[in-house]
């Protein structure tokens with residue numbers, strides 16, 4: 001069973017969204033203006049609305065058809081959300097909201113993952129953590145990382161879903177699985193050397209999703225949130241969805 005937690009960056013509206021069933025989990029990291037944007041109000045909805053709608057429709061598409069490929073489910077959701085505001089908003093505008101997405105699906109015999117943009121999906125196996133990440137964050141990475149050097153984000157074009165990174169693992173190999181928005185993954189991915197994925201997943205097991213996010217907030221408050229060049233970073237919304245068991249149940 002999945003557990004989840006989300007927390008807005010201090011002083012901001014939470015533009016992350018997470019939703020889960022017993023077999024599916026979706027995390028969405030919205031990006032863009034929080035409300036009407038630009039001189040002509042290109043989109044009246046904003047990133048938080050977009051993230052909620054996208055996550056909900058991804059879950060609905062994949063729950064209705066359990067064998068549907070994850071990119072196709074994402075593509076259907078993008079199309080559906082676009083139709084919700086195509087007549088009121090300029091979806092082609094740079095001011096229109098977009099998002100990064102992470103998906104986990106548990107079946108009887110496998111664990112499927114998808115990442116598009118800066119969401120990281122981590123599947124822990126006997127061979128160690130296997131990370132699906134589209135490459136929106138900086139940092140150093142090891143050989144287990146499946147990384148697309150040209151990161152994309154979800155907007156209004158369903159075909160972008162076909163560029164998402166996907167993986168599938170035998171369920172018997174998987175001990176635990178988690179999906180993170182970039183605000184929750186930054187201590188590993190954006191600031192290499194602070195945590196490794198095995199240590200970070202152990203903390204997640206120990207503290208739970210809400211506890212790990214609180215630890216991450218304290219880490220930011222302690223001034224450790226710079227990148228590997230020492231550039232200061234602004235704390236972001238943080239969201240985690242995870243399931244743990246040996247074997248995964």
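Kindly put 84, 212 in sequence by how many other C-beta atoms sit within 10 Å of each C-beta, fewest to most.
Values: 84 14, 212 24.
In order of increasing Cβ crowding within 10 Å: 84, 212.
Report the calculated FRET efficiency for residue 68 and residue 127 (r = Cβ-Cβ distance, R0 = 45 Å), to the nearest 0.05. Numbers along the way, then the final one.
Numbers: r = 28 Å, r/R0 = 0.62.
FRET efficiency, residue 68 to residue 127: 0.95.
Can you give the FRET efficiency for residue 214 and residue 1, using 1/(1 + (r/R0)^6), R0 = 25 Å, r = Cβ-Cβ distance, to the nearest 0.05?
According to the calculation, E is roughly 0.70.
Given a Förster radius of 30 Å and the C-beta distance between residue 199 and residue 83 as r, what FRET efficiency does 1/(1 + (r/R0)^6) yield to the nearest 0.05? Working shown, then result.
Numbers: r = 44 Å, r/R0 = 1.45.
About 0.10, to the nearest 0.05.
What does a probe at residue 22 reach in the range 57-73, counting residues whose amide N is under 16 Å from the point 7 Å along Cα→Cβ?
63-64, 66
Order by neighbour count: 28, 19, fewest other Cβ atoms within 10 Å first, most last.
The fewest-first ordering by Cβ neighbours comes to 19, 28.
Quick note: the coordinates plus some simple rules give every number you see, no bench work behind them. Everything quoted here is computed from the prediction, not taken from an experiment. Note: ideal-geometry Cβ built from the backbone for every residue, glycine included; neighbour counts use all protein chains shown.
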